[in-house]
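Each reported figure results from applying straightforward, stated rules to the coordinates on display, with no laboratory input. Only a predicted model underlies this, so the values are computations on that prediction, with no experimental measurement involved. In this analysis, Cβ positions are derived from the backbone assuming ideal geometry, glycine residues included, and neighbour counts consider all displayed protein chains.
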Amino acid sequence: MGPSGQWDVRGALAAAGLFRFLHGAGGGCVAPFLTLYLRHLGLPAALVGAVVGAKRLVGAAWAPLGSRYARGHRRGKALVAGSLLCAAGAGLLLALVPAATPRASDANAAPAERLRTATRAAAATTGARPTLAGFGFALPKTDRGAGEGGASTGRHAARPAALAPALEAVRRAAGMPVARSSLFAGLQKEMSGPAAVAVGLADNPEKSLPISESSKFPVFITHPPTAGGAYVSENLSDRSKEAQDVDFGMVQSTIFNDRKHQVFWMVLGAVMLWELLAAPVEWIVDDSLYEYLDFIDATDRYGKLWIWSYLGASGGACGIAVLVDRLNCFLSSNVSCLAVHFYGYALLMMLSLLASIFFPTYVPRKTKHMNKTAKALDLIGSDGQAILFTVTVFLTGVAGSTVQNFLFWQMEDQGSSEMYMGLSVAVGLIAELLLYFFKSKLLRALSSSGTVALSLSCLAAQLLYYSFLRNAWSVLLIQVLSAFSNGALWWAVDLTVDDVATPGMERSLRALLRGLSRGGGASLGSLAGGFVVGSFGLAVLYRACCICLVLWLCMFLIVQSKLPPRKKINYSRLLAADSSDVSDEERESDWLVKAMKDDSFSGSW
């Protein structure tokens with residue numbers, strides 16, 4: 001509906017600020033910690049990068065389409081309410097995904113160590129003495145004479161009945177289904193013959209015996225050396241230890257490989273659903289508010305509403321991190337502490353839903369559809385500096401995604417608590433807010449090109465610092481540079497957009513550049529970053545991104561120096577009565593001159 005007397009500018013801005021604060025706080029509860037949660041589920045870096053990359057790509061593509069649908073069908077408020085409600089449910093659905101590892105609540109233990117711990121506990125429960133290769137189990141000895149199967153009495157074999165409880169305990173601890181009838185029947189069948197049980201280390205110290213092929217649990221049994229019918233504790237040879245490591249790797253791969261891929265597909269589906277529901281909300285709200293303010297000639301106040309989103313995100317990240325640290329001792333071992341992030345997100349989405357009731361809306365008249373994306377691309381392609389800035393924001397999106405995705409992994413490896421993680425998010429956002437008060441002075445002193453060069457330098461310095469990170473608290477110091485690497489960069493880009501854009505295209509150009517950076521660039525960076533982390537480690541990823549940014553900075557400065565300066569039109573001269581002071585080239589290239597010429601031409605008829 002159109003604006004009425006009950007809405008004024010102050011009330012509309014207050015309602016919009018409240019909604020942005022609550023919605024930003026909900027995003028701050030989950031978005032920075034999502035990759036950390038996926039790590040605790042047991043997913044490797046490559047799969048985490050694939051999930052986050054798909055999320056960013058879908059969000060960047062679907063958000064403008066959802067906003068256009070809402071505007072075309074004039075159901076913006078209803079779609080915002082439905083999206084917020086369903087997004088809260090989708091976030092809780094993601095919190096219910098089971099972990100791929102036996103003990104997802106133990107964040108500091110690697111999957112291999114968790115499995116070793118589980119098997120040792122099973123050994124203590126069953127009292128088994130023999131060794132399962134790589135686990136520390138021991139097989140109980142059996143003295144079988146020649147009359148018990150034809151084997152010599154000097155050999156010791158494993159009784160399947162004694163080994164069964166240990167294997168069952170291992171499978172239960174690893175989260176695998178226990179099918180005793182098939183598992184141990186096959187075990188009994190394969191180990192009952194004299195040829196199968198008569199293999200010992202007395203003659204073949206490194207030979208292993210498979211338990212069962214049908215059991216799908218390829219553990220290999222290694223008999224320890226014996227003397228006089230008793231077990232002797234001796235150090236295994238180096239070759240035997242290598243064999244144990246190989247056997248354990250096979251066990252670990254078999255237990256977790258399929259489970260990880262199952263969890264990956266569950267997480268991917270939940271994240272895609274969540275993003276499809278949540279992504280259009282911010283776009284719909286922004287478009288509706290801008291049209292409302294444009295109708296009452298108050299668009300000059302629209303540009304400062306992002307401050308409320310930043311305040312909400314910083315408060316949400318800090319608040320939920322402190323809460324999770326305090327609740328760490330009170331949650332059961334079956335509930336991950338990081339699931340609290342999704343509960344907080346759902347609560348804040350419900351509060352945002354209540355705030356959206358008071359949100360101002362305005363339904364514009366139907367206008368002729370125009371493909372603004374194609375026109376924005378044409379405007380960028382027609383200006384050399386705009387092309388240079390476009391490539392820059394894409395590359396910063398690629399490099400910045402590595403920080404957003406894996407910085408908390410680096411901090412956790414250094415023993416950081418979640419409180420420091422939340423503070424690192426808040427410090428970066430607050431620093432950007434404080435620098436905003438000096439925005440005009442910064443751009444005036446350095447120009448847009450100089451500001452972009454400064455931003456690239458600060459981002460490269462941050463990445464290099466992260467690669468040598470030794471203390472979690474020291475992240476708070478370097479996060480101050482986020483004010484330059486993120487905030488100052490986009491201020492310079494917005495200044496260039498104002499110079500390039502024609503009337504009515506400013507918002508479309510900004511949306512295109514942000515989508516290219518946070519959608520295409522961040523998606524590519526997530527996919528490539530996950531592969532690099534899984535193959536080479538976090539330090540290599542950060543240093544490689546730092547080197548790429550430094551190289552692009554050199555290229556940026558060289559190309560920028562070769563570009564012709566952009567001519568600025570003095571509009572007071574254009575509006576003067578005497579038009580002889582303006583050159584023909586300026587008149588032909590300026591949109592205002594064209595409009596004036598068209599006006600005079602139509603008036604003469």
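The table for this structure:
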| read-out | value |
| --- | --- |
| Point-to-point label distance, residue 93-residue 307, nm (Cα→Cβ direction, 7 Å offset) | 3.9 nm |
| Distance (nanometres) between label positions extended 7 Å along Cα→Cβ at residue 434 and residue 506 | 2.9 nm |
| Sorted peptide list for 43-53, 474-484, 258-268, 17-27, criterion being average Cβ within 10 angstrom, highest first | 17-27, 43-53, 474-484, 258-268 |
| Cβ crowding within 10 Å averaged over residues, with 77-88, 298-309 ranked highest first | 77-88, 298-309 |
| Calculated FRET efficiency for the pair residue 262/residue 354, C-beta based, R₀ 35 Å, to 0.05 | 0.40 |
| Farthest positive-ward along region 469-532 dipole, Cα basis, beta-carbon charges - from 472, 520, 493 | 472 |
